[in-house]
1. Given the conditions (1) modelled with pLDDT of 90 or more; (2) closer than 30 Å to Ala114 by Cβ, report the number of the one that Tyr43 does not fulfil.
2. Given the residues Phe50, Phe80, Phe67, which is the only one that is open to solvent by less than 90 Å² (accessible area, probe 1.4 Å) and at pLDDT 85 or above?
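The values are calculated or read from the model by the stated rules, or taken from the named source; none is laboratory data. In this text, all values refer to a predicted model and were calculated from it rather than measured experimentally. Cβ placement follows ideal geometry from the backbone for every residue including glycine, while neighbour counts extend to all protein chains displayed. For accessibility, only protein heavy atoms count, side chains too; no ligands or nucleic acids. Shrake-Rupley method; radii C 1.70, N 1.55, O 1.52, S 1.80 Å.
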Amino acid sequence: GRGPRQLVLAWSRREKALRAQLWALRDEAQLTARRYQEKFSQYMAHVRNFARDLGGGHGRDGEHKPFTIVLERENDTLGFNIIGGRPNQNNKEETSAEGIYVSKILENGPADRADGLEIHDKIIEV
């Protein structure tokens, strides 16, 4: 009779629908993986540049090497706070306090990125 044939048709339609869903999911997963791979590559490139700019962190004399980064203003801010001033006048030895340092970094702001600023970075030129 008709029963088994209808069942087979219904099953193959359902299978087609499921297969289509599966392909869509697979495409979405591949797209996500590709996006992740691109982001990861960008991040690693930033890290490599950052490491190169720092030259392993210190120059031969133990001083930090200067490096330059470019920040675009967002909502009229560069996304970080500074602290600074002159050393204590009474103590001429204490020159480490001299200068302007990054004191806070705004989360998700222009300075908050893989090759961005870190707290205690010294600003030498603007």
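1. Unmet for Tyr43, out of (1) modelled with pLDDT of 90 or more; (2) closer than 30 Å to Ala114 by Cβ: (1).
2. Of Phe50, Phe80, Phe67, the one residue that is open to solvent by less than 90 Å² (accessible area, probe 1.4 Å) and at pLDDT 85 or above is Phe80.
Every residue, every condition in (1) under 20 Å from Thr68 (Cα atoms); (2) modelled with pLDDT under 85; (3) outside any loop (DSSP other than H, G, I, E, B); (4) of a type in the set (S, T, N, Q), yes or no:
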position	(1), (2), (3), (4)
Gly84	yes, yes, yes, no
Asn88	no, yes, no, yes
Lys92	no, yes, no, no
Ile100	yes, no, yes, no
Lys104	yes, no, yes, no
Pro110	yes, no, no, no
Arg113	yes, no, no, no
Leu117	yes, no, no, no
Val126	yes, yes, no, no
